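Quick notes on the structure that follows.
The values are calculated or read from the model by the stated rules, or taken from the named source; none is laboratory data. For clarity, every value in this text was computed on a predicted model and none was experimentally measured. Virtual Cβ from ideal backbone geometry, glycine too; neighbours counted across all protein chains shown.
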C-alpha cells in the first residue's frame, strides 16, 4: 500500500492491486474487493501480528511484569516502548509513528488514552492529524439469572442463582480501540473476554464494584457462557 493511502482494492480475477487516499465509489466490475487500512493494534495485547523487538525487556518491575516485547525509540527503552503485553494487560498505543505503547492493567473504572498515528509526541488534540484512542476496563455487569426461562441457561448458572435481587455479576475484560484518520472517518475494534461470573452478595451503593461470592471462571464457557458478557460487547 502506498504511503498515507487508506484504501486498497484487489482484483482476485486479474491480481491487480490499487490503493488510494479515499474511497468514494465502488466499481461494479467483477472480482474487486475493497479493504480499509487499520491504523490501530493487531489485537488486545499485540500492536502487530509479529511485534517488533530489539532485545530483552529492560530490567525493572514496571516493564518485566507487564511488557512482553520492547523496542528502542529515539535511543530510549522505557514503559512507553512496549510492542506487546503479557496476557493480563491491555496494549495502549502512545507513540503512533513508532507503534509502541504501554501495557496497562484492566480496572473497574475505565481508562482512555490517545495517540497521534503520525507522531511519537504526547497526544495533543489541538494539533493531532488523526487519533488512535484506547479504552480499557474490567466491566462488572448485572445479569438477572433467577428469572431465566431457558432450562439450559438456568442449569448453567445454578451456582450463582439466589443472589441479591436475583442477579449474578459477570466480570469482563473490555478493550476498545478507535482509529480516526485526518478526514475524520473512524473505525473501531473491540475485544471482550469473560473472566468469571459471580453471585451478587449485596447491592451496596448500586454501582460497581459490587460485593460478590461463588465466582467461577467455568461459567464463561460454552453456549450459555457467552450470555455473560453480551452486554459489555454491545455497550462498552
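Of 103, 53, which residue is within 30 Å of residue 210 (Cβ to Cβ) and touching a residue at least 24 places away in the same chain (Cβ under 8 Å)? Steps first, please.
On the way: 53 fails: within 30 Å of residue 210 (Cβ to Cβ).
Residue meeting the stated conditions: 103.
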task: Kindly provide the set of residues from the range 188-211 that are in a strand (DSSP E or B), touching a residue at least 40 places away in the same chain (Cβ under 8 Å) and out of contact with any helix residue (DSSP H, G or I) (no Cβ under 9 Å at 6 or more places or on another chain), ordered by number.
output: 189, 191
query: residue 79: assigned to a strand (DSSP E or B) and over 27 Å from residue 208 (Cα atoms), yes or no?
result: no
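Suppose we filter 147, 119, 84, 98 for residues that are outside any helix (DSSP H, G or I), surrounded by fewer than 19 Cβ atoms within 10 Å (Cβ to Cβ) and not assigned by TED's automatic domain parsing to the domain that holds residue 187; which single one remains? Even if it seems obvious, please write down each step before you answer.
Numbers: 147 fails: not assigned by TED's automatic domain parsing to the domain that holds residue 187; 84 fails: surrounded by fewer than 19 Cβ atoms within 10 Å (Cβ to Cβ); 98 fails: surrounded by fewer than 19 Cβ atoms within 10 Å (Cβ to Cβ).
After ruling out the rest, the residue left standing is 119.
If you scan the range 103-116, which residues turn out to be surrounded by fewer than 23 Cβ atoms within 10 Å (Cβ to Cβ) and not in a loop (DSSP other than H, G, I, E, B)?
Pass one, the range 103-116, residues surrounded by fewer than 23 Cβ atoms within 10 Å (Cβ to Cβ): 104-114, 116.
Result: 104, 105, 111, 112, 113, 114.
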